[in-house]
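Contents: one structure, followed by commentary.
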Amino acid sequence: MSENKIKIAIIGSRGYPYVYSGYETFVKELSERLVKRNYEITVYCHKNLFKSYPKEVNGVNLVYINTIEKKTLSQFVHSFQSIIHACFKKYDVILVVNSANGPFGIFTKLFGKKTAINVDGLEWLRPKWKGLGSKYFYLASRLSVRFFDYIITDSYEMEKIYKQLFNADSAVIAYGANIRYSKNPELISKWNIEKHEYYLIVGRLIPDNNADFIVNEFTKSNTAKKLVIVGDVPYNDKYASNIKSINDDRLVFTGYVTNQDELAELYHNCFAYFHGHAFGGTNPTMLKALAYGCGIIAIDTVFSREMLDNDNYGFLFKQEEGALTLIIENTEKNTAKLVSYREKSRTRITNNYTWEKIVNQYVDFFDDILEE
């Protein structure tokens, strides 16, 4: 490759092309577009997640690093080894995702590498990280702003939090989404559901996403529509089991839906999408719901308000008993507002959250820090 290309290493995801969650989608969309802008991109991958190990895919260079198979430590160990490896390479910028990797910035600092970290959400507040886990994420986030040269937050509200808690300035660059329209609505029939006759939840069944609150509020309502819950957890878990044990004929548990066309049609054809994620910044799942034309009913947080421009692109519910039930019943009595949300949802993406816009911001960001 040409020596005059800007060389960027991306560390902290599972790899490329491996779309599993928000980080992997981000790495895919950013990497492919930067390659087209004449950047030289290298993504560090979890070797054990791949069956073959090509050195390059779609113009993206790939480095495979082994890690341990233990769930709580695999990413941690992988990032540590990847950053050490990257310190001995001639990258112009090392871009790290996930504030859990904050302590490793000490190595890039010792080696004099120019670095940036995308810190994502308020991990230390998530219910799934209790005790030591919560303390670690808070410490790691604090060390991120100490050791890394530049901090990237994904929303203006997250920018405020990092300024208030850690006195750290950050560049605000959100996540993006791709506009999509329904192509094959009959795909939803496998779950015995029909267009606009069901509500939708998408996400892991963990306390962070408040599926228990949403399901309980739904079951108290008098709606005749169904509630489709997409997602699960890949381990035995009391919280998830309690949700799945709720006895109501209106509940449809799909488990994981890995077929992206099926998942898209579930979004396209729902009556409304429930969003309960409380601790992130710009949430990829809500962006997808907007990009796919959903009417949105979201938990009332500063992050939801930023993404929905307060209530201009969706309803907001308080996490108080009866609040969501009331919205469900009132919305079904008068659907005009919900229909208007559906009709304009994609304009929110077009105006603010296209991947092209996000990548332009990263290009400007890299240009600015390399000029300093």
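Every read-out reported here was derived from the displayed coordinates using simple, explicitly stated rules and does not represent laboratory data. None of these values were measured; they are calculated from a predicted model. All Cβ positions, glycine included, derive from the backbone under ideal geometry; neighbour counts span all protein chains shown.
Distance check, please: which entries in K114/K357; K51/K130; K183/K344; K28/K225 exceed 30 angstrom between their Cα atoms? Before the final figure, lay out the partial values.
Working: K114/K357 24 Å; K51/K130 34 Å; K183/K344 19 Å; K28/K225 36 Å.
Over 30 Å Cα-Cα: K51/K130; K28/K225.
Please compute the net charge surrounding E356, taking Lys and Arg as +1 and Asp and Glu as -1 over other residues with Cβ under 14 Å from its Cβ.
On the way: positive: R33, K36, R37, K357; negative: E29, E32, D364.
Residues near E356 contribute +1 overall.
Taking the Cα centre of the range 15-164 as the origin and placing charges on Cβ (Lys, Arg +1; Asp, Glu -1), which of N38, F104, F148 is farthest toward the positive end of the dipole?
F104
Run through the DSSP bridge list for the chain and note the antiparallel percent, rounded to the nearest 5. Working shown, then result.
Details: 2 of 43 bridges.
Roughly 5 percent of the beta bridges in the chain run antiparallel, per DSSP.
Please determine, in degrees from 0 to 90 and to the nearest 10, the orientation of helix 211-220 with respect to the longest principal axis defined by the Cα atoms of the chain, where the helix direction is its Cα long axis.
Result, in degrees: 10.
Using Cα pairs closer than 8 Å and at least 6 residues apart in sequence, work out the relative contact order for the range 1-153, in percent. List each step's numbers first, then the result.
On the way: 276 pairs, mean separation 31.9, N = 153.
Contact order relative to length: 21 percent.
List, in order, the whole-Hz ³J(HN,Hα) value for each residue of the range 177-192 obtained from phi through the Karplus relation with A = 6.51, B = -1.76, C = 1.60 and θ = phi - 60°; use x for Gly and Pro.
Karplus values, whole Hz, x for Gly and Pro: 8, 10, 4, 8, 10, 4, 10, 8, x, 5, 4, 6, 5, 4, 9, 6.
Once you order the gyration tensor axes a ≥ b ≥ c over the Cα atoms, which shape class does the range 282-372 get: rounded for a/c under 1.5, otherwise prolate or oblate by comparing a/b with b/c?
Values: a/c = 4.06, a/b = 2.18, b/c = 1.87.
Prolate, since a/c reaches 1.5 and a/b exceeds b/c.
Could you tell me whether the range 217-372 comes out rounded, prolate or oblate from its Cα gyration tensor? Rule is a ≥ b ≥ c as square roots of the eigenvalues, rounded for a/c under 1.5, then prolate if a/b exceeds b/c, otherwise oblate. Could you put the intermediate results ahead of the total?
Numbers: a/c = 1.98, a/b = 1.53, b/c = 1.30.
It comes out prolate by the Cα gyration axes.
Could you rank the peptides 308-318, 223-233 by their average count of other C-beta atoms within 10 Å per residue, with the highest value first? Display every interim value, and only then the final one.
Details: 308-318: 17.8, 223-233: 19.5.
Per-residue Cβ counts within 10 Å, averaged per peptide and sorted highest first, yield 223-233, 308-318.
Tell me the angle of helix 22-36 to the major Cα principal axis of the chain, expressed in degrees between 0 and 90 and rounded to the nearest ten.
Roughly 50 degrees, rounded to the nearest 10.
For helix 355-371, what angle does its Cα long axis make with the longest principal axis of the chain, in degrees from 0 to 90 and rounded to 10?
It is inclined by approximately 30 degrees.
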